[in-house]
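Below: one structure, written as structure tokens.
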Amino acid sequence: MERKVAVVGAGLSGLIACKYVVSKGYKPIVFEAKSSLGGVWTKTVETTKLQTAKQLYHFTDFPWPESVPDFPDQDQVLAYIQSYARHFDLQKHIRFNTKVVSISYEGVDEEEIKAWGMWGGTGEAFSKKGKWNIAVENSDSSSEVHQVDFVILCLGRFSEVPNIPEFPPGNGPEAFQGEVIHANEYVAMDYRKAADFVKGKRVTIVGFQKFALDIAAECAAVNGKENPCTVLYKTPHWFMPDFMPWGVPLALLYLNRFAELLVQKPGQGFLLSVLSTLLSPVRWSFCKFVESHIKRKLPLEKYGIVPKHSFLEEISSCSIVTMPENFFDLADKGSIVLKKADGFRFCKEGVVANGEAEPAKSDLVLFATGFRGEQKLRDIFASRSFGELITGSPSAIVPLYRQCVHPRIPQLAVIGFSESVANLYTSEMRCKWVAEFLDGTFKLPSIPEMEKEVKEWDAYMKRYSGVNYRRSCIGAVHIWYNDQLCKDMGWNPKRKKGFLAELFEPYGPLDYTQSS
């Protein structure tokens with residue numbers, strides 16, 4: 001009997017998962033709630049461009065067109081993703097306009113699962129004991145239940161469930177006479193409608209990541225200094241003016257094996273720990289080198305937005321942001337106003353930052369405060385205990401072994417939750433790993449061994465990512481991480497030719513094109 005595999009989501013991770021599952025002879029069914037593929041790239045802010053150069057952000061077996069610039073815009077990225085799907089004939093596996101309402105495990109009760117010493121009872125991908133029931137709702141409101149042997153969740157963490165701060169009674173949006181929306185609503189508008197929506201309004205944007213900066217620049221371009229856009233933020237970041245600090249490619253400083261020798265990697269052993277300690281002055285000098293370049297190119301000191309944390313923490317938490325080209329020009333003209341605060345409250349006229357008496361008068365407050373990807377992941381499970389397991393403790397990382405599978409939830413993988421400096425590249429490696437696992441290339445270790453590894457990654461992320469450890473970023477140790485996947489799959493983790501190349505050349509997608 002043919003084993004059935006389901007993929008939830010037809011964004012980047014879902015398409016890659018589909019492609020590699022097909023390569024192993026399966027006929028997956030991909031559920032996509034929207035009417036088109038591409039995930040977050042189907043609709044974004046007009047000025048959005050790829051933050052990572054296309055040389056790091058591409059499929060290993062499907063190159064970008066040469067005519068596309070190094071930092072493609074949204075339309076070019078979406079066209080590239082759609083071309084990939086057509087090239088590998090993935091659309092035929094996708095059921096569009098089909099929303100997965102919940103998934104439930106059938107065949108083994110949860111008490112028996114808790115007693116298992118191996119993942120799924122055997123350490124293998126499939127089990128004769130249980131199956132997943134996937135409840136879906138179609139666009140015509142009809143519902144169905146599909147039963148499958150393995151589920152790959154590719155839900156994405158940057159959509160659907162907005163992260164809206166909570167306020168004491170009387171201090172929230174209800175106290176404000178203007179409009180309050182989340183960036184998700186702004187992005188859903190077409191470009192002309194979005195410009196008309198903010199035109200003539202005093203806009204306050206809450207947040208300081210990529211969406212916040214892009215939207216602020218768009219609002220400022222529409223309204224000018226007559227109605228300046230206020231950006232209310234809590235934590236400054238090391239914004240990137242370019243990826244060539246003092247003329248040196250950033251990849252030479254952070255994306256090779258030598259750079260990874262400078263940090264304490266999870267499970268690395270005593271000798272490597274000693275080496276990383278001895279090399280800590282080099283790690284410090286790399287940070288100061290990059291930070292000095294950023295402060296030279298961007299007026300961070302002028303605007304009082306020099307971060308207190310190091311650049312290493314920025315890259316280790318995948319919080320690096322590239323600035324809109326004209327952002328500080330707009331700030332210099334008074335079209336953008338930056339306001340730092342550790343909190344705020346609403347009032348009738350706008351928002352009042354902590355420690356201030358006068359409000360930032362506003363007609364529109366826009367939350368660019370991200371999404372609750374963990375909640376989306378938790379809520380898809382019909383079982384409350386599985387939902388609690390998958391997200392884990394709020395004071396630890398999401399507990400996924402190899403950032404892909406939960407030690408105590410069988411026959412299920414999660415792709416695309418943990419971040420990196422180039423998520424496409426990382427998702428493809430994980431999908432290759434899951435496909436080999438489905439094919440029986442390897443078994444998973446015991447549950448205690450898996451949980452031990454999760455704790456090691458938790459300690460690493462807390463050490464280097466600061467308050468953003470829940471982002472589960474592998475950005476500063478992506479080679480070390482890929483080494484573990486390669487060893488599981490029986491691949492040689494050393495992908496370069498020669499000792500010096502292996503140590504100093506940056507690693508990217510093309511290094512993992514072949515299995516050898």
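The values are calculated or read from the model by the stated rules, or taken from the named source; none is laboratory data. The structure displayed is predicted, hence computed values, not measured ones. Please note: Cβ atoms are built from the backbone with ideal geometry, for glycine as well, and neighbour counts cover all protein chains shown. To get the accessible areas, we keep the full protein, side chains included, count just its heavy atoms, and leave off ligands, DNA and RNA. Shrake-Rupley method; radii C 1.70, N 1.55, O 1.52, S 1.80 Å.
Values as computed for the structure displayed
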item	result
Rounded, prolate or oblate (a/c below 1.5 giving rounded, otherwise prolate when a/b exceeds b/c) for the range 173-367 by Cα gyration tensor	prolate
Spin-label pair K295/D73, simplified geometry with 7 Å Cα→Cβ offset, distance in nm	3.6 nm
Whole-number Å³ per residue for the convex hull built on Cα positions in the chain	164 Å³
Sequence-distant residues sharing a close amide H with L412 (under 5 Å, placed H)	V151
Cysteines in the chain lacking a second Cys C-beta under 4.7 Å	C18, C154, C287, C347, C404, C431, C486
Solvent accessible area, Å² - S141, 1.4 Å probe, full protein context	90 Å²
Protection proxy ranking, peptides 119-125, 309-315, 86-92, 216-222, average beta carbon neighbours within 10 Å, highest first	216-222, 309-315, 119-125, 86-92
Charge dipole (debye, nearest 20) of the chain; +1 at Cβ of Lys and Arg, -1 at Cβ of Asp and Glu	680 debye
Ranked packing of 63-74, 456-467, most packed first, by mean Cβ within 10 Å	456-467, 63-74
The range 377-453 and the range 315-337: distance between their alpha carbon centers, rounded to Å	34 Å
Given charges at beta-carbon only (K, R positive; D, E negative), |dipole| of the range 173-367 in Debye	440 debye
Amide H contacts of T230 (H built 1.01 Å from N, under 5 Å, at least 5 apart or other chain)	V203, T204, I205, V337
Computed over the chain: relative contact order in percent, which uses C-alpha pairs under 8 Å that are six or more apart	22 percent
Principal-axis tilt of helix 210-223 within the chain, Cα atoms, nearest 10 degrees	30 degrees
Solvent-accessible area per residue, Å², over the chain with all protein chains present [probe radius 1.4 Å]	43 Å²
Heavy-atom accessible surface of the chain: percent carbon and sulfur, 1.4 Å	53 percent
Computed E for K462/K92 - FRET, C-beta separation, R0 35 angstrom, nearest 0.05	0.20
On Cα atoms only, tilt of 478-489 relative to the major axis of the chain in degrees	20 degrees
Accessible heavy-atom area order of S102, S319, highest first, probe of 1.4 Å	S102, S319
Highest-first arrangement of 208-214, 175-181, where packing means the average Cβ count within 10 Å	208-214, 175-181
For K92, net neighbour charge (Lys/Arg +1, Asp/Glu -1) across residues whose Cβ lies under 15 Å away	+2
